1. Once the piece of chain linking A23 and A5 is laid out straight, how much longer is it, given 0.36 nm per residue of separation minus the C-alpha distance between them?
2. Ignoring ligands, DNA and RNA, what accessible area per residue does the chain give at 1.4 Å, in Å²?
3. For a quick check of understanding: with a 1.4 angstrom probe and all protein chains in place, what accessible area in square angstrom does T98 have, to the nearest ten?
4. Under a point spin-label approximation (7 Å from Cα along Cα-to-Cβ), what is the R175-A142 distance to one decimal in nm?
5. Which order do you get for R45, R146 if you rank them by accessible area with a 1.4 Å probe, largest at the top?
6. Report for region 1-148 the percent antiparallel among DSSP-assigned beta bridges with both residues inside it, nearest 5.
7. Starting from 0.36 nm per residue, how many nanometres of slack lie between K34 and T125 once their C-alpha separation is accounted for?
8. So for K96, K164, what's the accessible-area order with a 1.4 Å probe, most first?
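The values are calculated or read from the model by the stated rules, or taken from the named source; none is laboratory data. Every value quoted in this text rests on a predicted model; they were computed, and no experiment measured them. Every residue, glycine as well, gets a Cβ built from its backbone with ideal geometry; the counts of neighbours run over all protein chains shown. Side chains are part of the model used for accessible areas, which takes the heavy atoms of the whole protein and leaves out ligands, DNA and RNA. Shrake-Rupley method; radii C 1.70, N 1.55, O 1.52, S 1.80 Å.
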Amino acid sequence: YSGAADEDILSELSALAEAILTAVDRWIYAESVKKWGKPILASGRPCHYAIFALGKLGGKELNFSSDIDLIAVTESDEGKAGSLSLHEFFVRHVQKVTRALQSETEEGFLYRVDWDLRPEGKAGTLVNSMSAIESYYESFGADWERQALTKCRPVAGDPSLGKKFLRLVEPFVYRKYLDLDTLRQIQSMK
């Protein structure tokens, strides 16, 4: 990277992290389906999910020592994966993805994973359905969450659900009107 612009290095490190995350997610998803069954909606079709990057990975600004900030969304909680509910399946799935990324080997680990930017932070569930997350942001969404979502982008799972989620949260993130008090709150966060 000698002589490369900082933006290029950060962008390349972000692309590497995204590729690794996608590969690990696909590998773990295949294992999860084999172990617990395919996640199927009540309507009978497969249930889609997406994992989103926030923070430095979301903004394609990842450096060598950054952790990766993630949130996960499913299209619904209505259905099953074998004997598990869809919610149980996807929570277990993202837990396995997290362990795979953070597991220490002789060579080190891939990435530290931070799920704390999800709705309700550490107290919240690891995975939210689209309807649950919409309800959360409409009722309880904080200004810091608006700011965090400005760098949100899908990095694993179903790309079409990723786009649908971004459209869903857009009115929350980018409000039509900003008053002086809101601008002051944004400034105090910075």
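1. On the way: separation 18, 0.36 × 18 = 6.48 nm, distance 2.73 nm.
Extra length from A23 to A5 when fully extended: 3.7 nm.
2. Values: 10630 Å² over 190 residues.
Ligands and nucleic acids excluded, the result is 56 Å² per residue.
3. Accessible surface of T98 is approximately 20 Å².
4. Result for the modelled spin labels: 1.6 nm.
5. Values: R45 105, R146 40 Å².
Descending order: R45, R146.
6. Working: 13 of 18 bridges.
Antiparallel bridges: around 70 percent, rounded to the nearest 5.
7. On the way: separation 91, 0.36 × 91 = 32.76 nm, distance 2.36 nm.
Gain in length upon complete extension: 30.4 nm.
8. On the way: K96 35, K164 105 Å².
The most accessible residue leads, giving K164, K96.
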